[in-house]
Amino acid sequence: MKMRILVIILLVIFHIIIVIGFGLVPSTTPTIKTITSESTKGVNVNFEFKTIDDKTMRISNFKGKIVLIDFWATWCRPCVATMRELKKVYERYGDKIVIISISLNKEKNDVVEFINKEGIKWIIGWDPKGDIAKKFNIKAIPTLLIVNKDGILVKKVVGYHTANEIIDLI
C-alpha cells in the first residue's frame, strides 16, 4: 500500500514537472519573443497588399514613418487581445506611426465584422493564402514587424504584447 502511494506521488510530481517544463501552464506575465533572424532583419520592407476594402497599397508609401505590421486572425485569441492593445497604441500615437494589421483569415466577412465591432480605424490588409506571411517567415500569430522610417525591418516579435510593450519596442 505504501509503495502504491509512493508511485502515485512520484507520477504526479513527474507530470507537474513535464507540464511546467514544456510551457503548458501559461505564464502570469506576457512575454515578447524577439526574433533576430538574419534572413529577415535588416530587409527593406516593400511589398504590395490588398486592404480589406480592396484597395492596393505599398509599404513604401509610408517611408518617413515607423510602420507596425501585425499578422493576425479573428479566430486567434492572442491576436484579438493584441488588436485591442494596438487600438490603445493607435489612439495615442496614430498620427506619428502607421499600423497595418494583415489578416490571415480565409473569409473576408469575418474580418469586416470584427473590424466594425471593435471600431478599428487603422489599415487592415488581407492575406488569405498567407503569401505575405511566407515572405517574412511568419510561423505563428500574432507576429508584429517593426519597420523603421527608412523602410527597414528592425524587429520581429511573436506573441501577445501590451500597448506599453509595443510602445517600448518602437
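Cross-link partners for Lys50 among the lysines, with Cα-Cα distance under 19 Å and sequence neighbours closer than 8 places in the same chain left out: Lys63, Lys106, Lys108, Lys121, Lys129, Lys134, Lys135.
Counting Lys +1, Arg +1, Asp -1, Glu -1, what net charge surrounds Glu91 among other residues with beta carbon under 14 Å of its beta carbon?
Residues close to Glu91 contribute a combined charge of +3.
Annotation for segment 68-170: GluC sites (Glu not before Pro) lying in DSSP loop with at most 15 further Cβ atoms inside 10 Å of their Cβ are Glu107. Over segment 85-142, Cα pairs under 8 Å with separation of 6+ residues give a relative contact order of 38 percent. Working note: Karplus 6.51/-1.76/1.60 with θ = phi - 60° gives segment 157-164 the couplings 10, 10, x, 5, 9, 7, 4, 5 Hz, where Gly and Pro are set to x. Heavy-atom accessible surface of Val158, to the nearest 10 Å², is about 40 Å², with a 1.4 Å probe and all protein chains retained.
The values are calculated or read from the model by the stated rules, or taken from the named source; none is laboratory data. Since the model is a prediction, treat every value here as computed from it, not as a measurement. Every residue, glycine among them, receives a Cβ derived from its backbone with ideal geometry; neighbour counts consider all protein chains shown. Note: accessible area is taken over every heavy atom of the protein model, side chains too, but ligands, DNA and RNA are not part of it. Shrake-Rupley method; radii C 1.70, N 1.55, O 1.52, S 1.80 Å.
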